[in-house]
Amino acid sequence: MRPTDRRTFSASAVGRAFLVFLPALFLSATCRAAADLPDTSVQRIRLGAGVGVMHDDNILQYSDGQIATFEAGTHPDRYSIETIGDVVWEPSVSLAYTKDRGTRRGRMVRLRWSGSFHATNQTADYGAGSVTWRESFSKGRAITFGVYKLPNYYLRQLRDEDIPLGGGVSRYRRATFDLTIGSIEWRQRVAPGTTLSLDYQFERRAYNEDFRERDSDTHVAGLGGDWSPKAKPFSLAGSAAYRASRAAGEDGDEVAGVPPDDADISYNGMVFSAGTRVDLAHSSSGRLEGEIGSGVSTRNYTTDRVNDTSHYQRDDLLFNMTVGLRWNPRGPFSLRGFYEHENNKATFSSPTPPTSDPSSYSANMVGMSVDWGRSLWRR
């Protein structure tokens, strides 16, 4: 990362230190407290696995103009995919250790891997791993630490300004990044059936060599809550968060006195979400649940580079909605079907359209998944 603002670098360092040292201090304190209590806990190791399949009609979130260019075939160097939509398989596997100390106190440590594999466009395949540690206390309190790692994620073909024009050489190159996320969340029951949460998340994106100017650190701070009234067949949840992302905005070849020719993808924005889950049927054979969720987020790009027409004075408004059904029969399996719609509306102060970044787009996903879980060990 080559930060352009010393304060941004300092904030990132503080965020990383917070995520590294706070868990260590917290776990040290809980271990000392636990040493003074009799051990009446129940321990388990549980294996989980799942597979989902869906059809996504816009896997790389291309705008209508970019789709038209792809279908016309006039600029094949701008695309590395064979189709705009695709069938996507999403397997996952997890291994979790739990320790139940009674009165809703306990510990959970989970390792999880998930993948996304495309039937036609294998160039967009990826796999990701995560580690989650949760400590639960009495009176509905819990703290959760998480680390998520997504290597070599394919974004799309982007234009590299450093490649000279002419000579029949394309200026478009493959853009990928490694994503690392650290998170911490505190949950607290504040009333019967009502829980509030506070969370912080730090994200680092490190791009491949052609697009180092896009390396970025993102800070996310949020507040959430859920309500599950007693003896009622539904629950409600909602959250709000603020995101601040600071990109490097330079790749090291800048000339003094000359405006940088690199993109600056720094932005600020808000993220809101709300959802409900309803018991539709409940019997001795299992439970059928329905779910509806929606979200709205803003992204206001902060670059002052007039020549960066893809981001200068650009504002995005993203809306998404999910509708799903989940069947939980007695036994180790559960099944879910869903439909998701995503729509992004981008506005620019410049009449020049973006050349490589997504502007307004829409995507629709429909699919189903099967999950399985079984205890391997108990004591």
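The values are calculated or read from the model by the stated rules, or taken from the named source; none is laboratory data. Being a predicted model, the structure only gives us computed values, none of them experimental. Counting neighbours? That spans all protein chains shown, and the Cβs are built from the backbone with ideal geometry, glycine included.
From A237, A244, grab the single residue that is modelled with pLDDT of 95 or more and touching a His at 6+ places or on another chain (Cβ under 7 Å). After ruling out the rest, the residue left standing is A244. Quick one: is L155 outside any strand (DSSP E or B) and either without any contact (Cβ under 8 Å) to a residue 12 or more places away in the chain or crowded, with 18+ Cβ neighbours inside 10 Å (or both)? Criteria not met by L155. Just one residue in the set S369, S356 is under 20 Å from L158 (Cα atoms) and either touching a Lys or Arg at 6+ places or on another chain (Cβ under 7 Å) or at pLDDT 90 or above (or both); that residue is S356.
How about the range 173-197: which of its residues are free of Cβ contacts under 8 Å to residues at least 60 places away in the same chain, closer than 30 Å to Y207 by Cβ and more than 21 Å from the chain's Cα centre (by Cα)?
R173
Of all residues in the range 246-264, which are under 21 Å from the mean Cα position of the chain (by Cα) and without any contact (Cβ under 8 Å) to a residue 40 or more places away in the chain? Result: A247, single match.
Of the candidates L179, L236, L223, L196, the single residue that is in a strand (DSSP E or B) and within 18 Å of Y154 (Cβ to Cβ) is L179.
Quick check: anything in the range 264-276 in contact with a helix residue (DSSP H, G or I) (Cβ under 8 Å, 6 or more places away or on another chain) and farther than 27 Å from A237 by Cβ? Taking every residue of the range 264-276 in turn, at least one turns out to be in contact with a helix residue (DSSP H, G or I) (Cβ under 8 Å, 6 or more places away or on another chain) and farther than 27 Å from A237 by Cβ.
Please enumerate the residues belonging to the range 173-209 that are of a type in the set (D, E) and either farther than 22 Å from Y242 by Cα or touching a helix residue (DSSP H, G or I) at 6+ places or on another chain (Cβ under 7 Å) (or both).
The answer is D178, E209.
Every residue, every condition in (1) more than 21 Å from R243 (Cβ to Cβ); (2) within 20 Å of the chain's Cα centre (by Cα), yes or no:
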| position | (1), (2) |
| --- | --- |
| V271 | no, yes |
| A274 | no, yes |
| D279 | yes, no |
| L288 | yes, no |
| S294 | no, yes |
| D304 | no, no |
